[in-house]
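Chemist: Got a structure for you, questions after.
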Amino acid sequence: MIWPILAIISFFILLFVPRVFTNTATLELMLFAAVPLGLIVLAESICLLSGHFDLSVGAIAGFSAVFTAMALAEWNLIANPFLGILLIIAVGCAIGAMNGIMIAKFGMNPFLQTLAFFIIFGGGKLALTTQPISGLPEGYTAAGNSAPVAIGILLASFAVMAGIFKYTEFGQAVYAVGSDKEAARAVGINTERTIILVYTLSGFFCAIAGLMLSGYTGLVSPNVADDMVFSAFAAAIIGGISLFGGRGKLLGALGGVLLLSIIETALTVSGFDPTLIEVMNGIVLMIAILLYNMKENIRGQVLSAGANT
């Protein structure tokens, strides 16, 4: 239901706050600012579709950005911007893979495992530095500093992953694991490998989000990506991703990102207090959960009626 809801909200914003859509600069800035959150939403949505979730997505994005910035600008371990991009991706993928291994191989509860990493790597940023890191190479920040490039990366990421989840065996395996892990294992799906790949992919997109944040601001602060996990959950749920796995579409999650971004931009342009914007995001999330519960109840009644007949 995200796209009809997005259309209705956009229509009312066009009526009451037309500058959001009629001012090209405002519209571009809105999409540009939504890129890091969008990538973290993609990371979270991939986990949710597999029947798992990741509380550490913001911490992974932030730690990857801080660690790589330190290596480039403070420790002088590397000077090549391209190597910096490879490093931030490697850090994000490694942390994501560790999440997946602990959950798939050692049977850790996803909530407890990712909560632990949320605390470890959230604190790890402060352990590395308490001051903003500047002086990053231009080549390293170029992608995140260019609105067309950053927006293109976001849209391409969603398009590619949507295609993978719809047309490949891996994507079908993720849906199967999310629907019923035991049944997926019974039909020959390697559930452990699937879960590890899911969390590695999640870490990859978190790292790209950290790279975009580094370029967007031009520096990396110790609190980078803090609290983004809550917005990521909100956008994914609003976009129709099931909390119980196996149902939902990644493009719907993109719609959730756009909805939150449009509402936030409209409130900002209208001069609302920033704290009220967070309240509004919470209200939107609550409405989305109510709609989701209504849909699930209707779905359950239809399935029950079909079974009885």
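The values are calculated or read from the model by the stated rules, or taken from the named source; none is laboratory data. Note that the structure is a prediction, hence the values are computed from the model and not measured. Note that we place each Cβ from the backbone using ideal geometry, even for glycine, and neighbour counts take in every protein chain shown. Remember, those area values only see protein heavy atoms, side chains included, never the ligands or the DNA or RNA. Shrake-Rupley method; radii C 1.70, N 1.55, O 1.52, S 1.80 Å.
Chemist: Would it be correct to say that Ala69 is assigned to a helix (DSSP H, G or I), out of contact with any helix residue (DSSP H, G or I) (no Cβ under 9 Å at 6 or more places or on another chain) and either under 30 Å from Ala173 (Cβ atoms) or among the hydrophobic types (A, V, I, L, M, F, W, C) (or both)? Can you show your working first?
Modeler: On the way: assigned to a helix (DSSP H, G or I): yes; out of contact with any helix residue (DSSP H, G or I) (no Cβ under 9 Å at 6 or more places or on another chain): no; either under 30 Å from Ala173 (Cβ atoms) or among the hydrophobic types (A, V, I, L, M, F, W, C) (or both): yes.
So Ala69 does not fit the description; no.
Chemist: Answer yes if at least one residue in the stretch 125-135 is within 29 Å of Lys249 (Cα to Cα), open to solvent by less than 20 Å² (accessible area, probe 1.4 Å) and of a type outside the set (Phe, Trp, Tyr), and no otherwise. Explain how you work it out, then say what you get.
Modeler: At the first step, the residues of the stretch 125-135 found to be within 29 Å of Lys249 (Cα to Cα) are none.
Within the stretch 125-135, none of the residues are within 29 Å of Lys249 (Cα to Cα), open to solvent by less than 20 Å² (accessible area, probe 1.4 Å) and of a type outside the set (Phe, Trp, Tyr).
Chemist: Right, here's the next one. Of the residues in the stretch 15-28, how many are surrounded by 13 or more Cβ atoms within 10 Å (Cβ to Cβ), in a helix (DSSP H, G or I) and out of contact with any Ser or Thr (no Cβ under 8 Å at 6 or more places or on another chain)?
Modeler: Residues meeting the conditions: 2.
Chemist: Given the structure, is Ser202 over 26 Å from Glu28 (Cβ atoms), under 16 Å from the mean Cα position of the chain (by Cα) and buried (at least 18 other Cβ atoms within 10 Å of the Cβ)? Please lay out each step first, then the result.
Modeler: Values: over 26 Å from Glu28 (Cβ atoms): yes; under 16 Å from the mean Cα position of the chain (by Cα): yes; buried (at least 18 other Cβ atoms within 10 Å of the Cβ): yes.
Judged against the criteria, Ser202 is a match.
Chemist: Picking from Ile189, Ile120, Ile164, which residue would you name as being open to solvent by less than 50 Å² (accessible area, probe 1.4 Å) and either in contact with a helix residue (DSSP H, G or I) (Cβ under 8 Å, 6 or more places away or on another chain) or free of Cβ contacts under 8 Å to residues at least 40 places away in the same chain (or both)?
Modeler: On the way: Ile120 fails: open to solvent by less than 50 Å² (accessible area, probe 1.4 Å); Ile164 fails: open to solvent by less than 50 Å² (accessible area, probe 1.4 Å).
Only one candidate passes the filter, namely Ile189.
Chemist: Let me ask something else. Counting only residues that are touching a residue at least 40 places away in the same chain (Cβ under 8 Å) and open to solvent by less than 50 Å² (accessible area, probe 1.4 Å), how many does the stretch 64-93 have?
Modeler: Qualifying residue count, the stretch 64-93: 16.
Chemist: Among Ser179, Ser214, which is the only one that is closer than 16 Å to Leu154 by Cβ and either over 17 Å from the mean Cα position of the chain (by Cα) or open to solvent by less than 10 Å² (accessible area, probe 1.4 Å) (or both)?
Modeler: Details: Ser179 fails: closer than 16 Å to Leu154 by Cβ.
The unique qualifying residue is Ser214.
Chemist: Determine whether Leu251 is under 30 Å from Phe16 (Cβ atoms), open to solvent by 70 Å² or more (accessible area, probe 1.4 Å) and in contact (Cβ under 8 Å) with a residue 40 or more places away in the chain.
Modeler: yes
Chemist: Could you tell me whether the stretch 220-228 includes any residue that is open to solvent by less than 20 Å² (accessible area, probe 1.4 Å) and over 28 Å from Val91 (Cβ atoms)?
Modeler: No, because not a single residue in the stretch 220-228 is open to solvent by less than 20 Å² (accessible area, probe 1.4 Å) and over 28 Å from Val91 (Cβ atoms).
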